[in-house]
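Following: one structure in structure tokens, then a few remarks.
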Amino acid sequence: LGFSPGKNRFSPHQTLARLRSAAGFPELIERAEVLAEKKDFGSAKIKTIELMLSELSSRGPKYFALASIPLTGAN
């Protein structure tokens, strides 16, 4: 498209949890193990897919929606 790809490697991912410190990590793992045993993660109706940009700073992450794609038939 005529522009430089930049220096940073793009790594698409889905963030499920973000902890400010490692102090809450053992509890998060324990809860995840309980859910995995039950095989009951609940359900959700997904109405849109959003492409997000996250900017990490010392004050915490900031998130910006770059694009939003509505899913047809999602009620």
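The values are calculated or read from the model by the stated rules, or taken from the named source; none is laboratory data. These numbers were taken from a predicted model, which means no experiment stands behind them. Cβ coordinates were reconstructed from backbone atoms using ideal geometry, including for glycine residues, and neighbour counts include every protein chain displayed. Surface areas here come from the heavy atoms of the whole protein model, side chains and all, with no ligands, DNA or RNA. Shrake-Rupley method; radii C 1.70, N 1.55, O 1.52, S 1.80 Å.
Could you work out the relative contact order of the chain? I mean the mean sequence separation of Cα pairs under 8 Å and 6+ apart, divided by the number of residues, in percent.
Relative contact order, the chain: 22 percent.
Once Rh is set to the Kirkwood radius over Cα pairs, what Stokes-Einstein translational diffusion coefficient, in µm²/s, holds for the chain at a temperature of 20 °C and a viscosity of 1.002 mPa s? The partial results should precede the final answer.
On the way: Rh = 16.4 Å.
So the translational diffusion coefficient is about 131 µm²/s.
Given a Förster distance of 22 angstrom, what is the FRET efficiency for LEU66 paired with ALA32, based on the Cβ-Cβ distance and rounded to 0.05? Present the calculation step by step, with values, prior to reporting the outcome.
Numbers: r = 29 Å, r/R0 = 1.32.
The value I calculate is 0.15.
Once fully extended, how much extra length lies between ARG20 and ILE49, figured as 0.36 nm per residue of separation less the alpha-carbon to alpha-carbon distance?
Full extension from ARG20 to ILE49 adds 7.8 nm.
I'd like the accessible area for SER58: 1.4 Å probe, protein heavy atoms, all chains in place, Å² to the nearest 10.
120 Å²
Between HIS13 and LYS39, take the C-beta separation as r, use R0 = 25 Å, and let me know the FRET efficiency to the nearest 0.05.
0.60
Excluding residues fewer than 8 places away in the same chain, name every one of the lysines whose C-alpha is closer than 30 Å to that of LYS39.
Partners found: LYS47.
Using alpha carbons only, how many angstrom separate the centre of segment 1-15 from the centre of segment 16-41?
Cα centres, segment 1-15 to segment 16-41: 29 Å.
Using a probe radius of 1.4 Å on heavy atoms only, what accessible surface per residue do you get for segment 18-61? Whole Å² is fine.
97 Å²
Largest first, what is the accessible-area ranking of LEU16, LEU53 with a 1.4 Å probe?
Details: LEU16 155, LEU53 70 Å².
The residues order as LEU16, LEU53, largest area first.
Measure nothing fancy, just the Cα-based angle from helix 25-38's long axis to the longest principal axis of the chain, in degrees from 0 to 90, nearest 10.
The answer is roughly 70 degrees.
Could you give each residue of segment 9-19 its phi-based ³J(HN,Hα) in whole Hz, using Karplus coefficients 6.51, -1.76, 1.60 with θ = phi - 60°, and x for Gly or Pro?
7, 6, 10, x, 7, 10, 8, 9, 7, 9, 10
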